Amino acid sequence: MPLSLDCKAFFGYSGENRRPIIYWMKGEKFVEELAGHIKESEVMILREHLGEKEVQLSLTFDAVDEADLANYTCYVENHIGRRSGSAILQKKGGPEENERVLLPEP
């Protein structure tokens, strides 16, 4: 089943004409360096008005495998600073939810 993670960022007018940087990482690796079924979209401009922009960068999985279970972080940078947001992909119903430990009664 396909899965998409969206990273949205808002950039206010700063007077600078430099383009902001936005990218995804899986752990310590850039997603664009990973081969396989994980794709990083092009940066889409959702809204633009008087020099302010709202942008989106999506990460799309054709299907989620065990090897995909990890921490994914979206970084957004410009000349003012850097911000990030993370999503953790984990297996639903981990062992703590599926197993019960029975203790003997005292």
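The values are calculated or read from the model by the stated rules, or taken from the named source; none is laboratory data. Note that the structure is predicted; figures quoted are calculated from it, not measured. Neighbour counts run over all protein chains shown; Cβ positions are idealised from the backbone, glycine included. These accessible areas exclude ligands, DNA and RNA; they are computed on the full protein's heavy atoms, side chains included. Shrake-Rupley method; radii C 1.70, N 1.55, O 1.52, S 1.80 Å.
If I ask for residues that are open to solvent by 90 Å² or more (accessible area, probe 1.4 Å) and either of a type in the set (Phe, Trp, Tyr) or at pLDDT 85 or above (or both), which ones from the stretch 7-19 would you list? I'd like the intermediate steps shown before the answer.
Step one: list which residues in the stretch 7-19 are open to solvent by 90 Å² or more (accessible area, probe 1.4 Å), which gives 8, 10, 13, 17-19.
The answer is 8, 10, 13.
Has the stretch 31-48 got any residue that is in contact with a His (Cβ under 7 Å, 6 or more places away or on another chain), touching a residue at least 40 places away in the same chain (Cβ under 8 Å) and not acidic (Asp, Glu)? Before you say what the answer is, go through the steps one by one.
Going through the stretch 31-48, the residues in contact with a His (Cβ under 7 Å, 6 or more places away or on another chain) turn out to be none.
Checking the stretch 31-48: not a single residue is in contact with a His (Cβ under 7 Å, 6 or more places away or on another chain), touching a residue at least 40 places away in the same chain (Cβ under 8 Å) and not acidic (Asp, Glu).
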Item to complete: Filter the stretch 20-69 down to residues that are farther than 19 Å from residue 83 by Cβ, in contact with a helix residue (DSSP H, G or I) (Cβ under 9 Å, 6 or more places away or on another chain) and open to solvent by less than 50 Å² (accessible area, probe 1.4 Å), then give me how many there are.
Response: 3
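For the stretch 71-88, does any single residue satisfy the condition of being at pLDDT below 75 and open to solvent by 40 Å² or more (accessible area, probe 1.4 Å)? Step through it out loud before you land on a result.
Of the stretch 71-88, the ones at pLDDT below 75 are none.
Scanning the stretch 71-88 turns up no residue that is at pLDDT below 75 and open to solvent by 40 Å² or more (accessible area, probe 1.4 Å).
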